[in-house]
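Presented below is the structure to which this report refers.
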Amino acid sequence: MIVMSGFSCAKACLLSVQEVEEALETNTSQGLAHDEVKRRQTNHGHNEFTIEEDTSLFRKYLEQFKEPMILLLLASAVVSMFMKQFDDALSITVAILIVVTVAFIQEYRSEKSLQELKKLVPPKCHCLREGVMETFLARELVPGDIVTVSTGDRVPADVRFFEAVELSIDESSLTGEEVPARKSTEACETSTHISDRHNVGYMGSLVRCGSGRGIVVGTGENSEFGEIFKMMQGEEAPKTPLQVNMDSLGKQLSFYSLCIIGVIVGLGWVQGRPLVEMFTIGVSLAVAAIPEGLPIVVTVTLALGVLRMAKRKTIVKKLPAVETLGCVNVVCCDKTGTLTKNEMTVVEIITSDDQHLTLDQASGDYILDGQHVSSLESNHTLAKVLTVSALCNNAHEVDGQIHGNPSECALMAVVTQLNFHQVQQKYQRLEEWPFSSETKYMITKSVDSYSNIFFSLKGAVEKVLGLCDSYYYHGAASALTPDDQKRILSNASSLGSRGLRVIALAFSSDGKTYTYLGLAGIADPPRQGVLESIEALYQCGVKVKMITGDSKETAVAIAQQLNIFTSGDVAISGVDIDKMTQPQLRDIISRVAVFYRTSPKHKTVIVKALRSNELVVGMTGDGVNDAIALKTADIGIAMGKSGTDVSKEAADVILVDDRFTSLISAIEEGRGIFHNIRNFVLFQLSTSIAALTLIALSTLLKMPNPLNPMQILWVNILMDGPPAQSLGVEPVDPDVIRQPPRQVKEHIITRGLVLNTLISSFIIVCGTLFIFWKELRDNMVTPRDTTMTFTAFVFFDMFNALACRSQTKSFLQIGIFTNKAFLLSVGGSILGQFLVIYFPPLQAVFQTEALYFSDIMFLLGLASTVFIVAEIRKLVMSRKFCCRKSYNLDNIV
Ligand code: ATP
């Protein structure tokens, strides 16, 4: 073999299917053998792209030195060297190296975690190997594999089709052409333009309609548009509102800090202090006070949150969604499969001549009007019902298991159980009008060995009745009167009110008018845990609305079982929505708990109406037609198992196991993350303000500088580094979850936050200045004085970090050991501080000296005041909050 390398779509499309089969040594009916696949994988590699690191790690490290402040610091080290102050020059250089290394590690981690996010949704494919259809990761594909694609799938590799049923593929990402390209199987005459190649599918394009089977002709880097796909994969995620917010906050703070630093340096100069010293102090202060680490910490916190959610089976595809998740106050949910199990069982069939076939739950047998079913041959109506159920059905049995659409599987199960499945062999299917959520029915046309044509129809009862003019009664068709229609509808509604999905069945010999046969009531019980999840959502101020294609009775019955529909709630249909104007819908929508007989297009209208009421909407979806609604919603939620690739692509969040309960954890995380970000902003701001104020005040008071540049840089590492980051991974506070959703526009910096920041900075500044003043009494600045002041500042900062773990709860309530990262980073910082004080080489760099044990104890006692004050404030606030804490959910939605 290996015609394969260099085999492209352009070539493959000119050849017949047989020629492609021969060239790739494959077989369209069996697929490749597993051994052969392994061999090809060794030759061709995996069907994926390696996105090369464009810059080496060392270059990235060096780039850190390009920061203006770092350059200025380096300049001051050089100046110190020229002035023969070698000690200073060395100290500044070592401090810069530490600062740059910490910043580099942080940034590297942030990039790595963002890359991890991209790996969360690996594309899958359906492939025939050794005659068995398998589903696995698309990266495993090799040239010659036989793949199947259907509506909603992404084409997993470059494919030459040998079967195409109504197949249209969206190639707009490659060609810019909005209209999907129609695909067929004949060899092409030319292959110059992509539009000429009507028998190939390109890797990454989307199947909009129909289905097809094809031979893989190009994988990974060898695929035709691999480069484009690679670019799409590497696409940068847009910045989240919070990141943008943080960037602008950082810029504002930088501006103010620089102004203050300018004033400090100017003042020092006027006071006749050495210019180089003032300059170095100014620049190190700028490095410390400017919260350049803020955006990075935010990104890492968001990304880590997303990875945590992935472990809880919810994939958040876009970082901004994490924030929005915390603001969601309405979730619109599909019924089948999301709220219910999607495990359907026919529990009752009511035939047109009023026979009742019921499922005996205990034995699992079907019973006809109280009797075991004997001969079906003599029961014409039931026999016809089962014939239609079997013929108008695409479910199929493999190894004793029925696969396919769950409603059809349920019908097929009855047919099989009553030993009637041979009827399928008696007929040959000629044509199919598939079921769709828009038409809500399905028709098949079949022929038997005597050339008799038989049309089978099944679907929503009102749709089926709309096509019927007679009903089957004791072996003959009888005219369908309005009274009969009423009787049938009332039967349907009584099945519906038991929460059963109702499917009506009919047949015809000409396909024009149909004869009604009966109703099947299908049970699909609510999923386990959904009721509790809905309860939990209510408690945190999120309302759930059900959207379904099922009838009013079925929808309301299930909604009542799940507490979605309670007294005072309203149910409206898709038809009602069509009749209403936007303002009318907007007025009523808050009270609607159930939308029934809807089609996917209604979802978009519903989302828009809810959003125009200033609600933040989460919307679930799985089909191709749901994509627009998923995009329009604030949070589009796709189903990982049953969802199409298109819906997953359009969504912000994917529920891996289709479980509604996973959504709760995502909302919890979303809320928790925002609170954690607030906490470390409080920590960073208070440290930054305290450092600035400390130096500014001592300059104003004509005192010597309490901290030298290296010490300031050390403080910067604590402020921007691990302790801040560890505040971002604080476990989610259950009380935060129970609060009403945050307003989207709510700024991260609130008045309360500013007040807390100022109180903490005030205590830190007073305490540190007090130590400095106490140590300075001999009017000489000795290393001991600065070491005491520096250590006081660092201890204050660590206690401040401890207080910042929660803004409302005491450390005892949140638990001392609940955030291990915090314990590690604060422990590490304190250890670092001891090294700086007691380890001679570092003593030289930071110009420190060893302190006595009693000094340390005294400093720890003093620094704890910032923590104690914060704890008292939290206690007072929680008392106040408790008194006000009863809020009414009805005010929200
Ligand atoms: P949900 O939103 O709860 O997932 P849905 O929107 O998927 O439900 P549809 O699948 O549109 O609901 O079903 C609407 C109606 O169409 C059902 O009540 C049933 O009467 C009928 N129906 C469902 N599946 C089929 C099918 N395979 N063939 C024929 N009719 C069907």
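The values are calculated or read from the model by the stated rules, or taken from the named source; none is laboratory data. This is a predicted model, so every value here is computed, not measured. Note that each Cβ is placed from the backbone with ideal geometry, even for glycine, and that neighbours are counted across all protein chains shown. Just so you know, the surface numbers come from the protein's heavy atoms only, side chains and all, with ligands and any DNA or RNA stripped out. Shrake-Rupley method; radii C 1.70, N 1.55, O 1.52, S 1.80 Å.
Computed on the stretch 448-544, the Cα convex hull volume stands at 150 Å³ per residue. If R0 is 51 Å, the Cβ-Cβ spacing of residue 439 and residue 700 corresponds to a FRET efficiency of close to 0.05. Of all lysines in the structure, those lying under 21 Å Cα to Cα from residue 820, and not within fewer than 8 positions of it along the same chain, are 311, 809.
Of the GluC sites (Glu not before Pro) found in the stretch 417-512, those that fall in a DSSP loop while having at most 15 other beta-carbon atoms within 10 Å are 438. Ranked by the mean number of other Cβ atoms within 10 Å of their residues, highest first, the peptides 528-537, 140-149 fall in the order 140-149, 528-537. Counting only Cα atoms, the size of the chain along its three principal axes is 116, 73, 49 Å, in decreasing order.
The packing ranking, built from the mean of other Cβ atoms within 10 Å per residue, places the peptides 774-784, 383-393, 317-327 in the order 383-393, 317-327, 774-784, highest first. Based on C-alpha pairs under 8 angstrom that are at least 6 apart in sequence, the stretch 611-700 has a relative contact order of 18 percent. Globularity index of the stretch 507-654 is 1.14 (Cα radius of gyration / 2.2 N^0.38 Å, N = number of residues). Reported to the nearest whole Å, the Cα centre-to-centre distance from the stretch 553-610 to the stretch 292-347 is 24. Angle of helix 853-884 to the longest C-alpha principal axis of the chain, folded into 0 to 90 degrees and rounded to 10: 40°.
In the chain, helices alone account for a calculated mean residue ellipticity at 222 nm of -15500 deg cm²/dmol, with every DSSP H run of four or more residues adding -39,500 (n - 2.57). Positive-end ranking of 583, 338, 414 along the dipole of the chain, with charges on Cβ about the Cα centre, is headed by 583. Taking every DSSP bridge with both residues inside the chain, close to 75 percent are antiparallel.
Per-residue extension of 0.36 nm, minus the Cα-Cα distance of residue 211 and residue 818, leaves a gain of 213.4 nm for this segment.
Based on protein heavy atoms only, the chain ends up with 44 Å² per residue of surface accessible to a 1.4 Å probe. Counting only Cα atoms, the stretch 245-400 measures 114, 33, 29 Å along its principal axes, largest extent leading. Full extension of the segment from residue 371 to residue 599, taken as 0.36 nm per residue of separation minus the current Cα-Cα distance, would add 78.1 nm. Summarising the label geometry, the points placed 7 Å from Cα in the beta-carbon direction at residue 853 and residue 425 lie 9.3 nm from one another.
When the pairs 341/458; 11/648; 426/601; 552/608; 458/601; 458/603 are compared against a 28 Å limit on Cα-Cα distance, 11/648; 426/601 fall above it.
Counted by Cβ distance under 13 Å from residue 821, the other residues give a net charge of +3, where Lys and Arg count +1 and Asp and Glu count -1. Against the chain, whose longest principal axis comes from its Cα atoms, helix 34-44 is set at around 40 degrees.
Peptide packing: for 645-658, 509-522, the average count of neighbouring Cβ atoms within 10 Å per residue gives the ranking 645-658, 509-522, highest mean first.
Apolar share of the accessible surface for the chain: 58 percent from carbon plus sulfur atoms, 1.4 Å probe. In vacuo Debye scattering of the stretch 345-523, one point per C-alpha: log10 I(q)/I(0) at q = 0.19 Å⁻¹? Ignoring solvent entirely, the Cα scatterers give -1.40. In straight-distance terms, cross-link reach from residue 66 covers every one of the lysines whose alpha-carbon lies under 25 Å from its own, apart from those fewer than eight places away in the same chain; here that gives 112, 239, 251. Taking the Cα centre of the chain as origin and assigning +1 to Lys and Arg Cβ atoms and -1 to Asp and Glu Cβ atoms, the resulting dipole is close to 3240 debye.
Using r as the Cβ-Cβ distance of residue 90 and residue 256, and R0 as 30 Å, what FRET efficiency do you calculate, to the nearest 0.05? So, using R0 = 30 Å, E works out to roughly 0.40. Helix 783-803 and the longest principal axis of the C-alpha atoms of the chain enclose an angle of approximately 20°. Each of residue 494 and residue 462 was given a label point 7 Å from its Cα along the Cα-to-Cβ line. The distance between the two points is 2.1 nm. For the stretch 672-892, the Kirkwood hydrodynamic radius comes to 18.4 Å, computed from all pairs of different C-alpha atoms.
Full extension of the chain between residue 578 and residue 810 gives 78.2 nm of extra length, using 0.36 nm per residue less the Cα-Cα distance. Measuring nothing but how far apart in sequence close Cα pairs (under 8 Å, 6+ apart) lie, relative to its length, the chain scores a relative contact order of 12 percent. Applying 1/(1 + (r/R0)^6) with R0 = 51 Å to the Cβ-Cβ distance of residue 64 and residue 528 gives a FRET efficiency near 0.50.
Inter-label distance, residue 75 to residue 469: 9.4 nm, where each label sits 7 Å from its Cα along the C-beta direction.
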